[in-house]
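Take a look at the structure set out below.
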There are 4 protein chains.
Amino acid sequence: MERIIGLINAPFTPFYENGEVNYEPIEAYARLLVKNGLKGVFINGSSGEGYMLTDEERMKLAERWMEVAPDGFKVIVHVGSCCVKSSRKLAEHAQKIGAWGIGAMAPPFPKIGRIEELVKYCEEIAAGAPKLPFYYYHIPAFNGAFLSMLAFLKAVENRIPNFAGIKYTFESLYEYNQCRLYKDGKFDMLHGQDETILPCLAMGGAQGGIGGTTNYNGINLVGIIDAWKAGELEKARELQNFSQEVINVICHFRGNIVGGKRIMKLIGLDLGGNRTPFQNMTDDEEKQMKAELEEIRFFERCNKF
Amino acid sequence: MERIIGLINAPFTPFYENGEVNYEPIEAYARLLVKNGLKGVFINGSSGEGYMLTDEERMKLAERWMEVAPDGFKVIVHVGSCCVKSSRKLAEHAQKIGAWGIGAMAPPFPKIGRIEELVKYCEEIAAGAPKLPFYYYHIPAFNGAFLSMLAFLKAVENRIPNFAGIKYTFESLYEYNQCRLYKDGKFDMLHGQDETILPCLAMGGAQGGIGGTTNYNGINLVGIIDAWKAGELEKARELQNFSQEVINVICHFRGNIVGGKRIMKLIGLDLGGNRTPFQNMTDDEEKQMKAELEEIRFFERCNKF
Amino acid sequence: MERIIGLINAPFTPFYENGEVNYEPIEAYARLLVKNGLKGVFINGSSGEGYMLTDEERMKLAERWMEVAPDGFKVIVHVGSCCVKSSRKLAEHAQKIGAWGIGAMAPPFPKIGRIEELVKYCEEIAAGAPKLPFYYYHIPAFNGAFLSMLAFLKAVENRIPNFAGIKYTFESLYEYNQCRLYKDGKFDMLHGQDETILPCLAMGGAQGGIGGTTNYNGINLVGIIDAWKAGELEKARELQNFSQEVINVICHFRGNIVGGKRIMKLIGLDLGGNRTPFQNMTDDEEKQMKAELEEIRFFERCNKF
Amino acid sequence: MERIIGLINAPFTPFYENGEVNYEPIEAYARLLVKNGLKGVFINGSSGEGYMLTDEERMKLAERWMEVAPDGFKVIVHVGSCCVKSSRKLAEHAQKIGAWGIGAMAPPFPKIGRIEELVKYCEEIAAGAPKLPFYYYHIPAFNGAFLSMLAFLKAVENRIPNFAGIKYTFESLYEYNQCRLYKDGKFDMLHGQDETILPCLAMGGAQGGIGGTTNYNGINLVGIIDAWKAGELEKARELQNFSQEVINVICHFRGNIVGGKRIMKLIGLDLGGNRTPFQNMTDDEEKQMKAELEEIRFFERCNKF
């Protein structure tokens, strides 16, 4: 199975002021990502408010991303849902439109408490797109599925033929590394926390990753990997430290889904607000965030069109 | 606003073996509930695997329940969803088909951490069915929304004109009582844990309630209220103790959604299995459960056709 | 084994301004409790900041309470500690000085995750006072020991000859009742939440209890039981509702250990502050609390000397 | 203030079979640690079952370690306790006997929920040993004190003159790095998870650390740092991967405090069992653990006398 090398971006979903999905900015969005070194997109995930979208919106977004994605730019469709029947349908659709791959996080309801539940859930979905690699998206802080990923790999490996690996969005680099080493690297372990790319590289990981702050800071996050590979440790550290400072700022504004999305407007691509229950940033908050970003000279270094 | 008096049942959703919704048993189901003293149904909630259904399935189920519900039998439609746009649509549909009321739990994703998020979420949904009473369904063990319900009542009361009250499925009878007493009982506090109807009655609560084990044990749960009102404390205690024993059994079989649903088959109304990621009971487990129920002489006392 | 009938009070530990234990007020304290209908004390527990005291202080406090306790007034000594060797020593001391009983909560460190760990912990302690009844103090919100109490009773019953029962400070009246019914009431289930005495009585429980707000509101909490036994349901409800209002107030001031202790000063028995890391109330907070208590006419109805 | 460079070991506390502390092995223990490259000890912490010891035992252990520690071998005394008065006394004692430094974790009871509580707690303790550096020991998985360490540093820096830094035993290398960078490295950030020394080094951290598996695997953990500094990345990775395999084994045997302590016996230094409520390993478990360690050829590479 092909491995993902480099960074994939988890895009935000653009909305009109009336709350409907706005498919218009996606073409420019894709160009921006390509220009700044991203290798693909992981759409309709947490950054993309996938769980807040209808199945129809999710499919239309997938179609639109497929239309605008240049050759070799991977479109991976997150199809996770509380309703496995919907997930299955979204998986079938992703394969039909020629997406590169699919992924799904554990459902937040019912909260998954046993490995077997998770394996069965992934099995039913992955079978809907048998020709595409399936990635499990591990983000327990969002869905409460605090399960051992090593145990999951062992349980899943003979059950799901197109199982490719894990998007690992959790703090334990120890567990990440154990999964990475399992059967000499049988599975593709995508790093999923932009704040720790450099330490993960040092362990031998983070050959591929999926980022959320890559939307606006991808150029520097890609730079960490390039600097590391070039043996420029100090440069890699500076880029990682800078990227953490960017994350510090969004943490003051309800995180990436709310604050990060608004940064897109500040760098020139207005994607609108968020769906309820997310609380949109006020104009005052936007001003304050802009000031904080200026203080770290973000706009001189961020993704550029 | 009309108060709910007596017990409403949260029905299971029947499935065919192939996993599709089976609308056929609903007519008999409604008759069973009426016969055993239930005053209505709260459909598509947690017992009904509402989150595991597509919007279309949820609407068809609502329509079917409306068709079979006799006069005065309340059909309340749970419309909660991670996608507030879907919830809004389901609310509009519920009003259109003449449902008695609607309800919604907090979305499990994103996890609600602030009262304001919850108020806004409920506001957008309730506005879709302005002529129907809206009940917030408080079940934090399922969605992580551990918020103060008294603070929520204060925040919501001038924001949502058709806000009726709370289906309170949590252990704190202290908080329940404080909500019940708020502004001399301004809001309808529906008791939501079948294991504690009697203690709640003693405090002055549980005038209305929504049960999950009422599906098969409603006659005894209704009996608790009748006995209490008749001053027959010892009888009420015996019925409450028995009802706890029934709950003890389902706790051995993954709870009401899995184990409780299978009891329906044992009393004569086969509703099929559960959707993934729920793990269906095996035949061995069914046998074992049946034996445990016989041991407490459940089948002599349960809901009867 | 003798059952506890009525309410036992969990006293606060008096401190001088310099932070040392002040044994002087204990005599008046005991008189106050007797006068307002309490049947004994559960000392050095959570209200008594037992975990914040040295072993020597705990033993001196136990001795002082024994000296001032009138005949028939039960002194139960909480001997729980992270150091089981200390707990054992405190248990031996309690028996030596003639205390009525002992108790211990699960240690907060290491966090107890298995029934067997808890049984062994209790076993070693209880063996230090073989002639006294041993009560397990279940308060998982404080120590994280969220274990099934029914499973614990089954595990402990043939292991600890002087095991008497549980001080149950948790919201699940369902679990409380199941423990109460176990082997026809073999164990003494002491109710441990002053906010729900009435509902617990209705189920048949709360024959005995240990309170924290009984320190200043014991007369009304005892009144709930008396009214219930006299068949005066409305009176019992009024007293329970009032007692919840008192608890509402202390919840605004960091709970019973901080806010409740300061109420003692307001009713005439200054017990000083709390040990670090508790944050003592400021004078402003005290004024505000007093005003809130006046608003519910607390001082007209509270414990009196 | 002097920085800690290299790895400090958190020793286990030796017990006799009767459960009393055995001070005899400590001399050989110190020699073992020196020989395998450790720079000091952090005694009476979590590995040392400090919370399970009496104050007297803790002081005698501190005295014994001071007696046997060679010149330049740092003895840091963990003095944390639920009783701040005990902690203060232990801090004073540590300074009196000439310890190099002191440390304290947040008390597990009452659970710390506010920065100010933690600052005050540390302040009272640190003031007992004003001439020694004070380290806060951040291990929230053990005591529930999930507070922002950056916010803590800001709150503490002008309050505690001898505050030196943090022993950081948590997974967030992002937060670790932010603390490390605060005010150009004003505080000493000791790395506290042996499974991630290499990734932490890559970020610029882990100049000093405190380990728990260094007791028996120190030579390899020290080797990670040496290899990294020598530019031997592959060697560092191999050593880190091996060290993770060792940790995998102890995770099968209730972790370092139970399983790790028993490894000491297997490498030639029998330290006895654990205090209740820890469940000691059975002989069968010991055999199984030994087999697992042999499978990874641990005994060929571990700490040697």
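The values are calculated or read from the model by the stated rules, or taken from the named source; none is laboratory data. Remember, predicted model here, so these are calculated numbers, not experimental data. No Cβ is skipped: glycine too gets one built from the backbone with ideal geometry, and neighbour counts run over all protein chains shown.
Beta carbons closer than 6 Å, at least 6 apart along the sequence or on distinct chains, never pair a first residue in segment D:176-202 that is within 18 Å of D:A151 (Cα to Cα) with a second that is polar (S, T, N, Q) and surrounded by fewer than 24 Cβ atoms within 10 Å (Cβ to Cβ). Of the residues making up segment B:187-209, those that are more than 7 Å from chain C (Cβ to nearest Cβ) and within 11 Å of B:T169 (Cα to Cα) number 7. The set of residues from segment D:40-77 being within 13 Å of the chain's Cα centre (by Cα) and touching a residue at least 60 places away in the same chain (Cβ under 8 Å) comprises D:G40, D:F42, D:G45, D:S46, D:S47, D:E49, D:K74, D:I76.
Look at (1) of a type outside the set (A, V, I, L, M); (2) surrounded by fewer than 17 Cβ atoms within 10 Å (Cβ to Cβ); (3) facing chain D (nearest Cβ under 9 Å) and you find that C:E67 fails only one, number (3). Against the condition surrounded by fewer than 21 Cβ atoms within 10 Å (Cβ to Cβ) and facing chain A (nearest Cβ under 10 Å), how does D:N162 come out, does it pass? Considered against the rule, which asks whether it is surrounded by fewer than 21 Cβ atoms within 10 Å (Cβ to Cβ) and facing chain A (nearest Cβ under 10 Å), D:N162 comes out as no. Just one of the listed residues (A:G113, A:G103) is within 14 Å of chain B (Cβ to nearest Cβ) and either out of contact with any helix residue (DSSP H, G or I) (no Cβ under 8 Å at 6 or more places or on another chain) or in contact (Cβ under 8 Å) with a residue 12 or more places away in the chain (or both), namely A:G113. Out of segment B:216-241, which residues are in contact (Cβ under 8 Å) with a residue 24 or more places away in the chain and either assigned to a loop (DSSP other than H, G, I, E, B) or out of contact with any helix residue (DSSP H, G or I) (no Cβ under 6 Å at 6 or more places or on another chain) (or both)? If the condition is that a residue be in contact (Cβ under 8 Å) with a residue 24 or more places away in the chain and either assigned to a loop (DSSP other than H, G, I, E, B) or out of contact with any helix residue (DSSP H, G or I) (no Cβ under 6 Å at 6 or more places or on another chain) (or both), then B:G218, B:I219, B:V222, B:I225, B:R237 are the ones that fit.
Could you tell me whether segment B:122-137 includes any residue that is free of Cβ contacts under 8 Å to residues at least 24 places away in the same chain and away from chain A (no Cβ under 12 Å)? Among the residues of segment B:122-137, not one is free of Cβ contacts under 8 Å to residues at least 24 places away in the same chain and away from chain A (no Cβ under 12 Å), which makes the answer no.
Of the numbered conditions (1) under 28 Å from A:G223 (Cβ atoms); (2) touching a helix residue (DSSP H, G or I) at 6+ places or on another chain (Cβ under 8 Å); (3) surrounded by fewer than 19 Cβ atoms within 10 Å (Cβ to Cβ); (4) within 13 Å of chain B (Cβ to nearest Cβ), A:T54 satisfies every one except a single condition; which is it? Going through (1) under 28 Å from A:G223 (Cβ atoms); (2) touching a helix residue (DSSP H, G or I) at 6+ places or on another chain (Cβ under 8 Å); (3) surrounded by fewer than 19 Cβ atoms within 10 Å (Cβ to Cβ); (4) within 13 Å of chain B (Cβ to nearest Cβ) one by one, A:T54 breaks only (1). A residue that is over 16 Å from C:Y216 (Cα atoms), buried (at least 18 other Cβ atoms within 10 Å of the Cβ), modelled with pLDDT of 95 or more and more than 15 Å from the chain's Cα centre (by Cα) occurs nowhere in segment C:27-37. Residues in segment D:149-164 that are free of Cβ contacts under 8 Å to residues at least 40 places away in the same chain and within 21 Å of D:C82 (Cα to Cα): D:M149, D:F152, D:V156. Scanning segment A:261-276 for residues that are more than 18 Å from A:E17 (Cβ to Cβ) and either surrounded by fewer than 20 Cβ atoms within 10 Å (Cβ to Cβ) or within 14 Å of chain B (Cβ to nearest Cβ) (or both) turns up A:I267, A:G268. Being surrounded by fewer than 17 Cβ atoms within 10 Å (Cβ to Cβ), out of contact with any helix residue (DSSP H, G or I) (no Cβ under 6 Å at 6 or more places or on another chain), of a type in the set (A, V, I, L, M, F, W, C) and more than 25 Å from C:K89 (Cβ to Cβ), is that true of even one residue in segment C:140-147? Yes, there is a match, as at least one residue in segment C:140-147 is surrounded by fewer than 17 Cβ atoms within 10 Å (Cβ to Cβ), out of contact with any helix residue (DSSP H, G or I) (no Cβ under 6 Å at 6 or more places or on another chain), of a type in the set (A, V, I, L, M, F, W, C) and more than 25 Å from C:K89 (Cβ to Cβ). Take segment D:248-302 and flag every residue that is under 23 Å from the mean Cα position of the chain (by Cα), more than 27 Å from C:I125 (Cβ to Cβ) and among the β-branched types (V, I, T). Correct list: D:V249, D:I250, D:I263, D:I267. Residues in segment C:155-204 that are among the charged types (D, E, K, R) and under 19 Å from B:L233 (Cα atoms): C:R180, C:D184. Checking every residue in segment C:64-81 against the condition of being of a type in the set (S, T, Y) and within 29 Å of C:K304 (Cα to Cα) gives zero matches. With respect to the conditions (1) at pLDDT below 95; (2) closer than 19 Å to D:G212 by Cβ; (3) of a type in the set (A, V, I, L, M), D:V41 falls short on a single one, namely (1). Note down all Cβ pairs under 8 Å where the first residue falls in segment D:81-97 and is at positive phi and more than 14 Å from chain C (Cβ to nearest Cβ), the second is of a type in the set (A, V, I, L, M, F, W, C) and surrounded by fewer than 19 Cβ atoms within 10 Å (Cβ to Cβ), and they're at least six residues apart or on different chains. As it stands, the answer is none, since no pair meets every condition given.
With respect to the conditions (1) assigned to a helix (DSSP H, G or I); (2) out of contact with any strand residue (DSSP E or B) (no Cβ under 9 Å at 6 or more places or on another chain); (3) within 14 Å of another protein chain (Cβ to nearest Cβ), D:N18 lacks only one, and its number is (1).
When each of B:T196, B:T213, B:T169 is tested for being more than 17 Å from C:T196 (Cα to Cα) and polar (S, T, N, Q), the lone residue that passes is B:T213. Of all residues in segment C:176-234, those that are aromatic (F, W, Y), under 20 Å from B:I224 (Cα atoms) and under 18 Å from the mean Cα position of the chain (by Cα) total 1.
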